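Q: First the structure, then my questions, so here it is.
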Amino acid sequence: MHKVVIERPRWNPGPGKNGRRANLSDELLPKFEGIRRPHLQRKGLTDLLGPLKRWLQSQVGRPWNDVYSEACAVIKPDSIIRAHIKTHLLQFVERNTFMHHGKVCVLDSAYRGMGIIPVTDQRYGWNLFYVHPESGLLCATPQKSRKALRAERRTARANNFRWLDGHFALKQIDGIWFACQFRIVSLEGPFKAYDHAIGQHVGRGGLLRREGQYLHCISKRQLSRRELRRYELRNAPTLKAQSSIGCTCSRLKTALRLSAGRRFWVIGHCRLAVRVRPRATA
């Protein structure tokens, strides 16, 4: 299997036929030469992963332990090339699955991951197959067409972005709605600046485009509760900060808030809160 997936035929080195210098005269050929010397570019090493994917597709419905045992019987770890094939095999199969609310889910650990998501909602990665957590069978991940993906992106963009006028828009960033202010960027000269809507420095190609114009977000502001009710919007539920009262650590936390002639709090320990009233001095 490793030869089919990794090794390619010999490249033609140039003025020869089938990789040899058969079209040269005897006077131009060297008197003594090794067998491998005329083949300047020998076998290429490029990945041809189609046979490996088709083999995994033919094993759908079988226990993953049996499929992996058969693969390891052929792909023995006695060379770097065969170990490379096993790496691709494990990349294609998502094994760390679990049941969550009746669905097969995985933990999205990518950059800006969404946490626990269904295995069918993964956008990036090599996971064309997954192992069912209860039955242990190898299953195929249903693939979406490009048309369906474009339709989902348009729907998500319509739900997370709303124009107010030519320079102001409402955008949901990490589940929170913001009012963003845009300005038109000229097409002449280089451009690189910090975009508040994206959250990083981008060039002209990374900006938002509308009617053939590049728009740069120069500021953003979180919407208040009144504005959310006005535009009939709602922020996505986020994780709340853990209270220090329920913390079991033994560290000390000191917070002092003073007000002239009023009560103030002195917190000397995460489990102890003492209220003190200062006495008036003559």
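Q: Take every Cα pair under 8 Å in the stretch 158-231 that's 6+ residues apart, average their separations, divide by the length, and report that relative contact order as a whole percent. Don't skip to the answer; put the middle values down first.
A: On the way: 110 pairs, mean separation 20.7, N = 74.
Contact order relative to length: 28 percent.
Q: Assign unit charges at the C-beta atoms only (+1 for Lys and Arg, -1 for Asp and Glu), then state the dipole size of the stretch 158-231 relative to its Cα centre in Debye, rounded to the nearest 20. Please list the in-between numbers first.
A: On the way: 13 positive and 6 negative charges, 66 e Å.
It comes to approximately 320 debye.
Q: Please tell me which of these pairs span more than 32 angstrom C-alpha to C-alpha: LYS53/LYS103; LYS86/LYS171; LYS103/LYS220; LYS86/LYS192; LYS171/LYS192; LYS103/LYS147? Could the numbers behind the result be given before it?
A: Values: LYS53/LYS103 25 Å; LYS86/LYS171 43 Å; LYS103/LYS220 37 Å; LYS86/LYS192 43 Å; LYS171/LYS192 22 Å; LYS103/LYS147 25 Å.
The pairs that break the limit, which is 32 Å between Cα atoms, are LYS86/LYS171; LYS103/LYS220; LYS86/LYS192.
Read-outs: derived from the displayed coordinates by stated rules, not from any lab. All of these numbers come straight from a predicted model, not from anything done at the bench. Heads up, the Cβs are rebuilt from the backbone with ideal geometry, glycines too, and the neighbour counts pull from every protein chain shown.
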